[in-house]
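Comments concern the structure below.
What follows is calculated from the coordinates using simple rules that are stated; it is not laboratory data. Just so you know, these numbers come straight off a predicted model, no measurement behind them. Backbone-built Cβ (ideal geometry, glycine too); neighbour counts: all protein chains shown.
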């Protein structure tokens with residue numbers, strides 16, 4: 001979900017950053033390495049302002065909460081300089097696509113030299129020199145495109161060849177005319193394409209592909225537009241051990257009891273080690289406090305959600321595969 005489209009995030013993020021210092025959790029620069037945190041879902045966006053000022057605020061929030069690194073979905077080529085190179089070592093970054101036409105008077109979700117699609121040669125160059133580490137957020141549901149569309153073939157092939165983790169927006173939401181999908185957004189939006197089962201043909205072709213399902217865990221909630229694909233999510237996790245999840249926006253905007261119930265279900269199904277902490281640019285401190293309030297999570301499960309699961313998924317502490 002791109003904050004450049006969804007203008008309401010500017011308000012929510014401003015509240016989140018202003019309250020970060022008082023949120024539950026570690027603070028200051030004396031956080032020991034074993035308490036480091038990885039944010040697995042973040043977007044590059046100045047929210048219409050100065051990139052350097054916004055980036056400084058983001059880094060300040062990360063430092064105050066012990067967030068060592070963040071997976072950063074960039075929106076245009078200029079973000080390489082204004083975000084990735086401006087904060088070396090802090091972001092595991094990659095491009096969002098296919099770009100979404102957001103409607104009259106609204107900024108598109110992203111912009112690349114090739115239009116809605118970044119160049120394969122440009123991607124390869126940036127992955128091979130270490131500038132990029134991830135692919136996505138993949139906007140299939142917004143763009144009205146199935147994951148196994150033929151236009152995706154070269155991108156899945158590149159991800160498999162270079163062992164690149166791919167981050168995919170799943171579920172039916174956000175509902176139309178909600179704060180997160182304002183009127184006029186995304187004329188090709190197709191809620192049925194948020195079904196994670198549509199990734200099966202891709203995973204059958206590339207069974208070792210690493211995929212993160214973003215916005216996972218929603219229960220059946222008619223007031224949210226029946227956006228859940230919970231059983232399809234669990235089926236994919238069961239069949240493919242390199243499929244992981246984050247729970248944004250469930251972990252911040254949806255009431256805490258709903259988030260708690262979803263996390264407990266993942267634990268009971270045996271998938272606590274696939275959950276990754278992510279914010280989608282919302283208040284990191286409040287989300288961390290939510291997880292810390294879940295007394296049914298063991299210390300190792302909580303550490304997994306905050307760091308270990310993402311480190312494993314991103315292969316941060318393992319030798320790179322030979323290609």
Rough spin-label spacing in nm, given labels placed 7 Å along Cα→Cβ, for residue 53 and residue 148
4.9 nm
Take 62, 247 and order them by how many other Cβ atoms sit within 10 Å, fewest up front.
62, 247
Could you put 99, 110 in order, starting from the residue whose Cβ has the fewest other Cβ atoms within 10 Å?
99, 110
Stretch residue 253-residue 128 to full length: gain in nm at 0.36 nm per residue minus the Cα-Cα span?
41.3 nm
Given R₀ = 41 Å, FRET efficiency for residue 119-residue 303 by Cβ-Cβ distance, to 0.05?
0.55
Can you put 150, 191, 40, 45 in order, fewest other beta carbons within 10 Å first?
150, 191, 45, 40
Additional length obtainable on full extension of the chain from residue 188 to residue 235, 0.36 nm per residue less Cα span
14.2 nm
Would you list the P(r) distribution for the stretch 110-161, with all Cα-Cα distances sorted into 10 Å bins from 0 and each bin expressed as a whole %?
21, 60, 19, 0
Give the separation of the Cα centroids, the stretch 241-258 to the stretch 152-173, in Å.
20 Å
FRET efficiency, 1/(1 + (r/R0)^6) with R0 25 Å, evaluated for residue 36 and residue 295 via beta carbons:
0.65
Tell me whether the stretch 224-323 comes out rounded, prolate or oblate; compute the Cα gyration tensor, take square roots of the eigenvalues as a ≥ b ≥ c, and use a/c under 1.5 as the rounded threshold.
prolate
